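Written below as structure tokens is the structure these notes are about.
Every read-out reported here was derived from the displayed coordinates using simple, explicitly stated rules and does not represent laboratory data. This is a predicted model, so every value here is computed, not measured. Neighbour counts are summed over all protein chains in view; Cβ atoms, including those assigned to glycine, are modelled from backbone coordinates with ideal geometry.
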Amino acid sequence: MMITTTDWRKSAVYQIYPKSFYSPEGKATGTLRGVTAKLDYLADLGVDYLWLTPVYASPQNDNGYDVSDYYAIDPSYGTMDDFETLLAEAKQRHLSVMMDIVVNHCSTSHVWFEEGRHPDSPYHDYFIWRDTPNDWVSKFGGPAWSFDETAGKYYLHLFDKTQADLNWENPRLREDIYNMMRFWRDKGVSGFRLDVINLISKTPGLPNDPSGDGRAYYTDGPNVHDYLQEMNEQVFAGHDLLTVGEMSSTSLEHCLRYSSLENQELKMTFNFHHLKVDYPNGEKWAAAPFDFKQLKQIFSDWQSGMNGQAWNAIFWCNHDQPRVVSRFGDDVTYRVESAKMLATTLHGLQGTPYIYQGEEIGMPNPDFTDLSDYRDVETLNAYQEARDKGVAEEEILAAIRQKSRDNARTPMPWSDTRNGGFSTSEPWIPVSPTHDQINVETAVADPDSVYHHYKRLIQLRKQYDVLTDGTYRLLTPDDSSLWAYERETDEEELFVVSNFYGTETTFTLPRDGSDYTVLLHNYKQMQTDEQRLMLRPYESLMLYRKK
């Protein structure tokens with residue numbers, strides 16, 4: 001089945017973590033005015049949508065994913081006037097703004113929870129209470145239940161204890177959430193990214209999970225599709241909104257329903273299976289090389305499985321993941337080549353690409369050497385748990401350097417000046433030590449930079465229908481260093497050939513290399529011997545042929 005392309009299927013989304021983006025006011029944290037000040041840069045890159053991570057009022061225990069007022073802007077980011085100015089200025093540049101919607105849980109500082117502690121309050125049933133907890137484990141470590149003195153009961157929190165899970169079985173809660181979403185929609189927001197939205201429906205009775213951590217009873221739960229269809233009907237229907245769901249530990253079968261092309265739920269989904277290929281035996285906090293064959297097989301399964309039926313959001317990076325050039329590339333010897341290779345590989349796939357701030361300049365992990373440099377609650381909890389189990393300090397620090405969410409959260413380096421041009425004040429988290437060489441100003445000025453490679457990839461998706469509509473076929477399932485795939489329609493054929501390692505390798509094309517147009521390449525010249533491609537370290541090509 002040919003997918004009828006619409007703008008969002010040819011679009012690119014740029015994720016902004018405002019706290020680390022830019023502070024023209026000279027604050028320790030980025031602001032909404034900082035985002036507005038950089039709109040020309042984003043428009044020049046060529047992206048279409050700007051996804052803002054949460055800017056609502058929040059105690060910031062989990063950097064804004066603990067919302068205390070869904071209708072207010074957190075003062076650290078600015079005012080509602082600043083937000084409205086951002087919307088208006090973005091619109092002038094044909095940029096659309098997406099909000100991050102966090103409704104699996106809210107802050108324990110939210111008025112709902114503060115009042116809901118009292119058993120006779122109408123807000124009591126906005127949360128999930130038990131006299132005795134079950135054995136579920138929080139995703140941030142420790143039990144998923146905390147005792148509240150006022151309520152005299154335990155409340156569920158799948159994340160931090162300051163993030164109380166909301167009871168989606170309560171229709172009054174759901175209506176309050178839809179009212180809030182309509183408020184932002186009517187203000188001019190063009191899309192929503194829905195945080196861990198597939199966790200909102202829990203199995204009735206909340207059974208124990210002695211062989212697991214509880215996720216079997218709250219992931220893709222029994223009513224989740226009903227709730228999303230209701231949300232679509234109440235908020236999205238009749239409006240041109242880009243909607244994407246963050247799906248934790250989900251399945252292909254569920255995502256076919258979440259993002260069915262009939263659009264009864266969401267436009268597209270994030271899944272994270274490809275970002276667990278460096279979790280040995282499922283363990284995040286262990287330093288390990290990634291499983292390359294598994295990486296390409298997971299992507300390939302989702303490309304083939306979703307084709308013609310549903311839509312992928314494709315991405316390497318976000319605010320919760322390490323920098324991709326450090327994770328799957330070589331951030332020392334071949335940083336530029338491997339960053340371009342990874343970009344080409346991803347952007348050749350079917351789906352809407354998401355680019356996380358700094359990814360487009362090939363930012364590496366900051367490689368912090370001291371625990372005091374880290375701010376992330378998940379990271380600090382993991383460190384303490386590992387130390388309590390007797391894990392050696394160097395071993396857990398090595399894992400944290402590789403996996404911490406703070407790898408993505410260092411300030412955006414705009415120039416080689418103090419603090420990377422992010423702010424005149426000391427930032428809330430240290431600036432990456434590479435900012436003197438890897439920064440926006442340097443990247444924009446260099447026509448061969450990673451930045452210009454991303455810019456070309458964004459334009460190619462708009463130009464070539466095969467990138468949107470083509471079928472996918474993996475050509476090298478068993479190759480230990482090469483990921484080559486074909487995208488094809490009745491009219492066009494496209495090959496992406498990527499060497500994921502620092503040694504040379506070869507690939508045989510189905511026809512002579514001269515029959516193809518090189519759309520993009522991360523080396524100066526292609527090395528071919530008729531049908532045989534010789535690939536240098538981290539070399540990647542996008543080859544095109546009109547039939």
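For the chain, the longest piece that avoids every one of the GluC sites (Glu not before Pro) found in DSSP loops with at most 15 other C-beta atoms within 10 Å covers 284-490.
Need the full-extension length gain, residue 545 to residue 44, defined as separation in residues times 0.36 nm minus the C-alpha distance. One decimal, nm. Could you put the intermediate results ahead of the total?
Working: separation 501, 0.36 × 501 = 180.36 nm, distance 2.83 nm.
Full-extension gain reported as 177.5 nm.
So what's the chain giving for Cα Rg divided by 2.2 N^0.38 Å, two decimals? Could the numbers behind the result be given before it?
Working: Rg = 23.1 Å, N = 547, 2.2 N^0.38 = 24.1 Å.
Computed over Cα atoms of the chain, the ratio equals 0.96.
For n ≥ 4 DSSP H runs only, could you compute -39500 (n - 2.57) per run for the chain, divide by its residues and tell me the 222 nm figure to the nearest 500? Let's see the in-between values first.
Working: 15 runs with 143 residues, N = 547.
It comes out at -7500 deg cm²/dmol, rounded to the nearest 500.
The order of 259, 146, 190, going from fewest to most other C-beta atoms within 10 Å of their C-beta, is 146, 190, 259.
Here the stretch 470-546 is treated as a Stokes sphere of Kirkwood radius computed over C-alpha pairs; at 10 °C and 1.306 mPa s its diffusion coefficient rounds to 127 µm²/s.
Here residue 91 is the anchor, and the lysines within straight C-alpha reach of less than 21 Å, apart from those fewer than 8 places off in the same chain, are 10, 38, 187, 455, 462. For the residue pairs 202/276; 27/139; 19/284, alpha carbon separations beyond 28 Å are given by 27/139.
Could you list 35, 189 in order of exposure, starting from the residue whose Cβ has the fewest other Cβ atoms within 10 Å?
189, 35
Under the shape rule built on the C-alpha gyration tensor, where the axes satisfy a ≥ b ≥ c, the stretch 266-363 is oblate, since a/c reaches at least 1.5 while a/b does not exceed b/c. If you sort the three axes of the alpha carbon gyration tensor as a ≥ b ≥ c, you get a/c of 1.5 or more for the stretch 378-473 and a/b no higher than b/c, which makes it oblate.
Take the Cα radius of gyration of the stretch 45-94 and divide it by 2.2 N^0.38 Å, with N its residue count; two decimals is plenty. Please report the intermediate quantities before stating the final value.
Values: Rg = 12.4 Å, N = 50, 2.2 N^0.38 = 9.7 Å.
Normalised by 2.2 N^0.38 Å, the Cα Rg of the stretch 45-94 equals 1.27.
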